[in-house]
1. With equal scatterers on the alpha carbons only and no solvent term, can you work out the Debye log10 of I(q)/I(0) for the range 104-187 at 0.13, 0.17, 0.18 1/Å?
2. Name the residue farthest towards the positive end of the dipole of the range 136-191 from the options MET188, ALA172, GLY157, assuming +1 on Cβ of Lys and Arg, -1 on Cβ of Asp and Glu, about the Cα centre.
3. On each of the three principal axes of the Cα atoms of the chain, give max minus min coordinate, whole Å, ordered largest first.
4. Please build a GNM for the chain, connecting alpha carbons under 10 Å apart, and tell me which residue among ASP110, ASP170, ASP17 fluctuates the most.
5. Dividing the convex hull volume of the Cα atoms of the range 3-90 by its residue count, what figure in Å³ per residue is obtained?
6. With charges only on Cβ, +1 for K and R and -1 for D and E, what is the dipole size of the chain about its Cα centre, in debye, rounded to 20?
7. Could you tally the net charge around LEU30, taking each other residue with its Cβ under 14 Å from the Cβ of LEU30, Lys/Arg +1 and Asp/Glu -1?
8. What net charge is computed for the residues neighbouring THR106, neighbours being all others with C-beta under 10 Å from the C-beta of THR106, Lys and Arg scored +1, Asp and Glu -1?
Amino acid sequence: MSAEATTDERASILLVDDMEDNLVALEAVLGSLNEPLVRARSGEEAVQALLRQRFAVVLLDIRMPGMDGFETAANIKRLDRTKDVPIIFLTGTDADAGYAFRGYATGAADYLTKPFDPWVLRAKVTVFLDLHRKNRQLERLLAREQVRFDELADHLGRMRAHLAPGSRPDPAELLDRVGQMERLLGTMRRRRET
């Protein structure tokens, strides 16, 4: 995690595998990223975890009893709340050659075979963590701008009421409202430039 990242920007990583040794290995490789690592031992647990909290990325084993990785990914991509969470499929080197194609067709962002290079996995996860943070920043920026637009709409509505037929507009009040709107627009412009 970069030095400027705040607690609010921490990005959880969901690790999904039915094998304890694989979960331990993933935690060892990703622990240095200093982000919360959440375990799920099945596809069902993974979907429940995704419904409880936001994740930056899901590392998903393909071969699991019950709901396998492909079914889990399909369920994740089917839900509005989770459909945009990137999935990196993990599978053994003895996997069927069609697994990669099926993984991407199911909505995977990436596909790695075990044993994987720890540096490569960490680098790929870091990219998704950075994208997650940037998306969160964009969401906050858009929410702030929406508040400003709502304030502008309120000022315009009040000005319209003052200018309605039969009303006696107070020029000082109208100038004050125009000044407030100009300040709001100035604030919005400055935030976009930074």
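1. At q = 0.13, 0.17, 0.18 Å⁻¹ the computed log10 ratios are -0.63, -0.82, -0.87.
2. It is MET188, whose Cα lies furthest towards the positive end.
3. Between the extreme Cα coordinates on each principal axis of the chain lie 81, 35, 26 Å.
4. In the Gaussian network model the winner is ASP170.
5. 87 Å³
6. Working: 29 positive and 31 negative charges, 191 e Å.
In debye, rounded to 20, the chain gives about 920.
7. Working: positive: ARG10, ARG39, ARG122, LYS124; negative: ASP17, GLU27, GLU35, ASP117.
Neighbour charge sum, excluding LEU30 itself: 0.
8. Computed value for this residue: +1.
The values are calculated or read from the model by the stated rules, or taken from the named source; none is laboratory data. Since the model is a prediction, treat every value here as computed from it, not as a measurement. FYI the Cβ positions are ideal-geometry reconstructions off the backbone, even for glycines, and counts take in every protein chain you see. These accessible areas exclude ligands, DNA and RNA; they are computed on the full protein's heavy atoms, side chains included. Shrake-Rupley method; radii C 1.70, N 1.55, O 1.52, S 1.80 Å.
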